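The values are calculated or read from the model by the stated rules, or taken from the named source; none is laboratory data. In this text, all values refer to a predicted model and were calculated from it rather than measured experimentally. Cβ placement follows ideal geometry from the backbone for every residue including glycine, while neighbour counts extend to all protein chains displayed. These accessible areas exclude ligands, DNA and RNA; they are computed on the full protein's heavy atoms, side chains included. Shrake-Rupley method; radii C 1.70, N 1.55, O 1.52, S 1.80 Å.
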Amino acid sequence: MATAESERRQEAIRPRVGRHGRTGSVTDEAIERIRQIIMSGEWGPGARLPRESELAARLGISRNSLREAVRALSLVRVLEVRQGDGTYVSSLEPALLLESTRFVAHLLADKAVIELFEVRRMLEPPAAALAAVRMDAEGHAALRAELERMTAATRVEDLVEADVAFHAVVARAAGNSVLTSLLEMLSTRTMRARLWRGRLEKGALDATRAEHARIYEAIAARDPELAKIVAAAHVANSEHWLRADLARLEVPDAAQGPPGG
């Protein structure tokens, strides 16, 4: 006859069927329960979670399963474990929660990167339009400073820094923290460096700088429709160059002849 202790151990490791009919681990259910409590407002940003023993009892799971759930939620920045102090709900700010997505974006390559540009075409023009309406004088000065830095830059590293800062000013001025975080994720420094190097090799730096100048001028003129158009053209030009570059890399070298020839 099984003891109460062995039954508890078996329950802790037994897969359970969730609300949607999928079989999931005890840890998965704990993650979902914690998420639901946060969404209910019981634990708001910065709230301290109950002690481990109390929370494990409330969720009906072992401490080990609870620790796994807390570890997983810490990795995606929902929870923050402070050694010697306890576990807290994070600020839940979009920039924090989307940070892991930005990390993954650096790993995407080739055709997946093209899909990122397609999403940028959907988001960046409206962001520029919002910036044209909402950007204040301080924002205009900051945008102008980054444009001048981009114009003066000769090294790819400096161009990337100015490019990142330029688009960050535009995104912040749009006044939407989720949109700002998504745009930062969609255009990584790695991708910007690749584009600037390609344009440097083709002598197209002046044309690219001119695209940024047109974005600045439209925003400074507080013309949302024009800002949307020139921003869309800028992203489309980058996407066009990248598609052509990828197509070039996919074409076999004819000089090598057919395999085995």
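Using a 1.4 Å probe and ignoring any ligands, DNA or RNA, find the accessible area of SER62 and quote it in Å² to the nearest 10.
Counting only protein heavy atoms, SER62 exposes about 40 Å² to solvent.
Using a 1.4 Å probe, how large is the accessible area of ILE34, given in Å² and rounded to the nearest 10?
Roll a 1.4 Å probe over it and ILE34 shows about 0 Å².
How much of the accessible area of the range 129-209, in percent, comes from carbon and sulfur atoms when a 1.4 Å probe is used?
54 percent
Rounded to the nearest whole Å², what accessible area per residue is found for the range 88-235 with the 1.4 Å probe?
48 Å²
Can you tell me the FRET efficiency between SER53 and ASP136 if r is taken as the Cβ-Cβ distance and R0 is 41 Å, rounded to the nearest 0.05?
So the FRET efficiency works out to roughly 0.20.
Give me the extension gain from ARG248 to ALA204: residue separation times 0.36 nm, minus the current Cα-Cα distance, reported in nm with one decimal.
Once the chain is fully extended between ARG248 and ALA204, it gains 14.1 nm.
Just to make sure I understand: if all protein chains stay in place, what is the order of HIS167, HIS240, HIS212 by accessible area at 1.4 Å, largest first?
Result, largest first: HIS240, HIS167, HIS212.
Find out how many positive minus negative residues lie around GLY198, taking Lys and Arg as positive, Asp and Glu as negative, among other residues whose Cβ is under 14 Å from that of GLY198.
Summing Lys/Arg as +1 and Asp/Glu as -1 gives +3.
At a 1.4 Å probe radius, carbon and sulfur cover how many percent of the accessible area of the range 23-82?
The computed percentage sits at 50.
Rank these by accessible area, largest first, 1.4 Å probe: LEU246, LEU182.
Greatest to least solvent exposure: LEU182, LEU246.
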